[in-house]
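The values are calculated or read from the model by the stated rules, or taken from the named source; none is laboratory data. Keep in mind the model is a prediction, meaning the values are calculated, not measured. FYI the Cβ positions are ideal-geometry reconstructions off the backbone, even for glycines, and counts take in every protein chain you see.
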Amino acid sequence: MLNHYAFVGLFGVVAILFPVAALVVGALAGPRRPTPAKRARYECGLVSQGESWVQLRVQYYIYALLFLVFDVETVFLYPWAAAYGQLGLFALVEAVIFLGILVVGLAYAWTHGDLQWR
Amino acid sequence: MSLTQAVFILLGGMAVLGALGMVTLRNLFHSALAMILALFSIAGIYVLLEAEFLAVVQVLVYVGAIAMLILFGIMLTRDIVGRASAVRNRQWPLALAVSAGLLAVLAVALVRAAWPLATYAPAQGGVADLGLALMGPYALPFEVASVLLLVAMVGALIIAREARE
């Protein structure tokens, strides 16, 4: 099993080395002639306004809570997905019921206006 | 030293580094990021122990959900975002004493414990076996878990709604 995860480890190493290499090579090889425009913060091409540390709207917390529940649901469905090849129609029905019960919660949030952006 | 040992030392070092960063960094947001590093490293250690499902749960629940919730909590709070906060408060000697005591107890327990090797072979199927069990003999607890999640979701929504009004 560890051999499968060696690829994941390799991927992680590449993911760390790639941006580091890009920054190091850029710093070593590129010419340095800064102007105020070049030194300005880059934010999607627009002139950035205010500070980067801003307080987010509390509304996001509802979405975070809903995400948390559906994330835990994924934990239960993961073994089902791993064994799917050996399981029959009954298991599919079970998973659909499992999801259906949770969709009731989503419908509750929707109909009670918790997902409304205000 | 085998490759597994080298990877373990690397992951353990990353976990300790993340934990230290979480405690010592002055910006709470950076502390939370350091905590994510520690949690990720522990997931790697689970993989090393061939506890595949536990590693997946660690990444999905702790890194994906809990850490995200903590980051949201920090970003939603006006007074602590982007501001250096005190690393110590009045209770630090007490905290130091408790931590040192816990370390001593754990160290004694680890040194005294006998570490016998398991006499039976570990299960081979792993996550797929778990899936078969969840769909077969444990189908009812599986569905009940869904009801539990539903109750948690509705309860959280009601509490959040009350807090807003």
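Remarks
- Listed by position, the helices (runs of 4 or more DSSP H) inside the range B:23-114 whose residues that are under 27 Å from B:Q5 (Cβ atoms) number at least 3 are B:28-48, B:52-57, B:92-112.
- Meets criteria (closer than 17 Å to A:A6 by Cα, more than 10 Å from chain A (Cβ to nearest Cβ) and in contact with a Gly (Cβ under 7 Å, 6 or more places away or on another chain)) for B:S2: no
- Options B:V7, B:V47; residue that is hydrophobic (A, V, I, L, M, F, W, C), buried (at least 18 other Cβ atoms within 10 Å of the Cβ), outside the structural domain of B:L149 (by TED's automatic domain parsing) and within 17 Å of the chain's Cα centre (by Cα): B:V47
- Residue within the range B:85-98 that is polar (S, T, N, Q), within 14 Å of chain A (Cβ to nearest Cβ) and more than 30 Å from A:A95 (Cβ to Cβ) present: yes
- Filtered residues of the range A:77-89 (kept if under 19 Å from the mean Cα position of the chain (by Cα) and within 7 Å of chain B (Cβ to nearest Cβ)): A:Y78
- Per-region count, the range B:119-157, residues more than 20 Å from B:L49 (Cα to Cα) and more than 9 Å from chain A (Cβ to nearest Cβ): 7
- Out of B:F40, B:F53, sole residue that is modelled with pLDDT under 90, touching a Gly at 6+ places or on another chain (Cβ under 9 Å) and of a type in the set (F, W, Y): B:F53
- Residues in the range A:1-53 that are under 30 Å from B:L37 (Cβ atoms), away from chain B (no Cβ under 14 Å) and either β-branched (V, I, T) or touching a strand residue (DSSP E or B) at 6+ places or on another chain (Cβ under 9 Å) (or both): 4 in all.
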